[in-house]
Amino acid sequence: MLTAVDHVQLAAPAGCEDLLRAYYTDVLGMTEIPKPPVLAARGGCWFQTGAVQLHLGVEENFRPARKAHPGLRVTGIEAYAARLEAKGAQVAWDGNLPGHRRFYSEDPVGNRLEFLEPDGDVCPAP
């Protein structure tokens, strides 16, 4: 039986860790968490906020995920979108998910990210 998503792994090109750190910590407000030493040797970095973890791993012949994406639930979506825009990130609103406000953005290596917030109590958190 599945009980939760432990983390989401996204790919990134080699040598971009500083760019990813700046984005995921400063722009998104996440905290970098240490990778186990055996995995740290491969490059990439891991980030967490609350129970949400995003792992960015180095991939040879990297191509950013344009369709596949993590869906990240936020509170205060308008303010969160304004935060991203103020820090130079693109925000593309999408009103096609009933009961939710949502937008898409991209990390600095081009991976697609979805941010969403339920309208009222349509889909309360467990």
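Mind checking the dipole of the chain: about its Cα centre, +1 per Lys or Arg Cβ, -1 per Asp or Glu Cβ, Debye to the nearest 20?
Once rounded to the nearest 20, the dipole reads 200 debye.
Say the dipole of the chain comes from +1 at the beta carbon of Lys and Arg and -1 at that of Asp and Glu; which of Ala65, Ala92, Ile77 then lies farthest toward its positive end?
The residue sitting most towards the positive pole is Ala65.
Leu72's amide H: which non-local residues (gap 5+, or another chain) put their own amide H closer than 5 Å, with H modeled 1.01 Å from N in plane and none for Pro or chain starts?
For Leu72, the qualifying residues are Glu114, Phe115, Leu116.
As I understand it, the value is the acute angle between the Cα axis of helix 77-86 and the longest principal axis of the Cα atoms of the chain; what does it come to in degrees, rounded to 10?
Computed tilt is about 50 degrees.
Would you mind calculating the gained length between Met1 and Asp18 on full extension (0.36 nm times residue separation, minus the Cα-Cα distance), in nm to one decimal?
Answer, rounded to one decimal: 2.4 nm.
Find out how many positive minus negative residues lie around Gly110, taking Lys and Arg as positive, Asp and Glu as negative, among other residues whose Cβ is under 14 Å from that of Gly110.
Net local charge, Gly110 excluded: +1.
Of Leu2, Leu28, how do they rank once you tally other Cβ atoms within 10 Å and put the fewest first?
By the 10 Å Cβ count, ascending, the order reads Leu2, Leu28.
Work through the residues other than Gln48 whose Cβ is under 12 Å from its Cβ and net out their charges, Lys, Arg +1 and Asp, Glu -1.
Charge balance near Gln48 sits at -1.
How many percent of DSSP beta bridges within the stretch 8-118 run antiparallel, rounded to 5?
So the antiparallel bridges amount to about 70 percent of the total.
Hey, can you grab everything whose amide H is under 5 Å from the amide H of Gln53? Only 5+ residues off in sequence or another chain; H modelled, so Pro and N-termini drop out.
Val8
Please tell me the relative contact order of the stretch 8-118 in percent, rounded to the nearest whole number, where contacts are Cα pairs under 8 Å and at least six residues apart.
About 28 percent, as a whole number.
According to a simple spin-label model (label point 7 Å from Cα along Cα-to-Cβ), what is the distance in nm between Leu97 and Arg66?
The two pseudo-label positions are separated by 2.1 nm.
Which order results if Val91, Val74, Val5 are arranged by neighbouring Cβ count within 10 Å, fewest first?
Val5, Val91, Val74
Taking θ = phi - 60°, what integer Hz values does the Karplus form 6.51 cos²θ - 1.76 cosθ + 1.60 yield along the stretch 11-17, in sequence order, with x for Gly and Pro?
Result, ordered by residue: 9, 8, x, 4, x, 9, 4 Hz.
What net charge is computed for the residues neighbouring Ala89, neighbours being all others with C-beta under 14 Å from the C-beta of Ala89, Lys and Arg scored +1, Asp and Glu -1?
My count for the surroundings of Ala89 gives -2.
Read the figures in this text as sums done on the coordinates, not as results from a lab. All values derive from a computational prediction rather than experimental measurement. Every residue, glycine among them, receives a Cβ derived from its backbone with ideal geometry; neighbour counts consider all protein chains shown.
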